[in-house]
1. Looking at Asp304, Asp246, which one is acidic (Asp, Glu) and outside the structural domain of Val161 (by TED's automatic domain parsing)?
2. What number goes with the only condition from (1) touching a Phe, Trp or Tyr at 6+ places or on another chain (Cβ under 7 Å); (2) in contact (Cβ under 8 Å) with a residue 12 or more places away in the chain that Val176 does not pass?
3. Mind checking which residues of segment 341-373 are surrounded by fewer than 16 Cβ atoms within 10 Å (Cβ to Cβ) and more than 27 Å from Val309 (Cβ to Cβ)?
4. For Val204, state whether it is assigned to a helix (DSSP H, G or I), among the β-branched types (Val, Ile, Thr) and farther than 28 Å from Val287 by Cα.
5. Only one of these is modelled with pLDDT of 95 or more, of a type in the set (A, V, I, L, M, F, W, C) and either outside the structural domain of Val356 (by TED's automatic domain parsing) or in a loop (DSSP other than H, G, I, E, B) (or both): Val330, Val322. Name it.
6. What do you reckon, is Leu65 more than 20 Å from the chain's Cα centre (by Cα), surrounded by 17 or more Cβ atoms within 10 Å (Cβ to Cβ) and assigned to a helix (DSSP H, G or I)?
Amino acid sequence: MASAGNREYKSGLIRWIEYRMPVFSLLDGVIGRDYPTPKNLNYWWNLGSILGLALVIQIATGIFLAMHYIPTADGAFDSVQNIMRNVNNGWLLRYVHANAASLFFVAVYIHIFRAFYYGSYKAPRELLWFLGVFIFVIMMAAAFTGYVLPWGQMSFWAATVITNLFSVIPLVGDEVTMWLWGGFSVGSPTVQRFFSLHYLLPFVLAAIIVLHIWALHVHGSSNPLGINVKGPQDTIAFHPYYTAKDAVGFGVFLLLLAFIVFYEPNYLNHPDNFNPANPLVTPPNIVPEWYFLPFYAILRSMPDKTLGVILFVGSIVVLFLVPFLDTSRVRSAKFRPVFRQFFWIFVADAILLGFVGANPPEGTWVVIGRLATAYYFAHFFLILPLVGWLERPKPLPDSIAQPVLGDSAPEVAE
């Protein structure tokens, strides 16, 4: 009888497939009954699975939308209108694709902040963190190229502003910018390039996610206590316990997506993007999608374009350095009362940057943006290392089983 380790499969069909290609034993080892998981994971750990679901939705809807999209400056806007009005269920595909992208970023931001709070980036999971940040960068690239494709007013001018940032690269900046444009200005070649990249990047993202999952399974999931698994008493099988928990998360995600799609499908869309792109009319306030606003605020708060681009890039690059900047040996903020306070200040600062990015760079907003930018970098380069050195964390439990099971927890052999 075909088996994976000590597991036997009763179904004749499964045994037949397993003998020729051990896919079921692989699934059992990755997301099934043979994958031991810390028994104290809460719903914040659902976000990884939710992000996988969101990516599947994006790829599936994107493939069908690409069948009807015309990647030219003359045809892009009209093709989107044709999808909305004439393609069977085209409106549904487009609204699901656009709004699932927003929920994708909601989930990824919560996922990142969860990792900050529970110290999931610390040894031995640094490479897992690096892959996660790289996934975030690819997500932003895919989202930006997708924002350009409707070819409305905001799409056109966002493409113009963001691609111009590459001109500050020494020596090759102008050449890179012209390559992105496909000419001397934003036009049809730009749409074609962005459409190709937007179609390709989700598949690149899926490949990196496979590496991310691989790295996750080397040392296993972190946990809210931030302590290492001490033995079988600290773990349970991923299936059926966490698959059932993930199913609840999927239900919440899909209900929220359905509510937005059917009741507020254009709530997050900029009104100017319902007008065709016009290079002769500049919008009064050029803004990207909401999930770029904190980084956009850092870019626009600086008086010099080059300095703004450096800080904009630095605000993302610094995420790769987090495992080395946090000097505390304790992972979870549950046992770090001082760090916990600074963590919530950092969350508030990120939200404030989002509000700054949505408003014109003038008056008080410029001052607030510069102060919030200064605190953003201070959190990483000053607060993280200093708190790690000076803070006195609370005592850690001996094992995961102790706080979960209380007095009934088995003793851990030293």
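1. Asp304
2. Unmet condition: (2).
3. Passing the criteria: Gln341, Trp344.
4. no
5. Val330
6. yes
So that you can scan it fast, the table gives a plain yes or no per residue for (1) assigned by TED's automatic domain parsing to the domain that holds Ser221; (2) under 30 Å from Phe113 (Cβ atoms):
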{"residue": "Trp16", "(1), (2)": "no, no"}
{"residue": "Val23", "(1), (2)": "no, no"}
{"residue": "Asn46", "(1), (2)": "yes, yes"}
{"residue": "Phe64", "(1), (2)": "yes, no"}
{"residue": "Ala73", "(1), (2)": "yes, no"}
{"residue": "Val87", "(1), (2)": "yes, no"}
{"residue": "Leu92", "(1), (2)": "yes, no"}
{"residue": "His97", "(1), (2)": "yes, yes"}
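Yes/no per residue for (1) under 12 Å from the mean Cα position of the chain (by Cα); (2) modelled with pLDDT of 95 or more; (3) not acidic (Asp, Glu):
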residue: Ile110; (1), (2), (3): yes, yes, yes
residue: Tyr117; (1), (2), (3): no, yes, yes
residue: Tyr121; (1), (2), (3): no, yes, yes
residue: Met140; (1), (2), (3): yes, yes, yes
residue: Phe144; (1), (2), (3): no, yes, yes
residue: Gly173; (1), (2), (3): no, no, yes
residue: Val176; (1), (2), (3): no, no, yes
residue: Leu180; (1), (2), (3): no, no, yes
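The values are calculated or read from the model by the stated rules, or taken from the named source; none is laboratory data. In this text, all values refer to a predicted model and were calculated from it rather than measured experimentally. Using ideal geometry, Cβ is built from the backbone for each residue, glycine included, and neighbour counts are taken over all protein chains shown.
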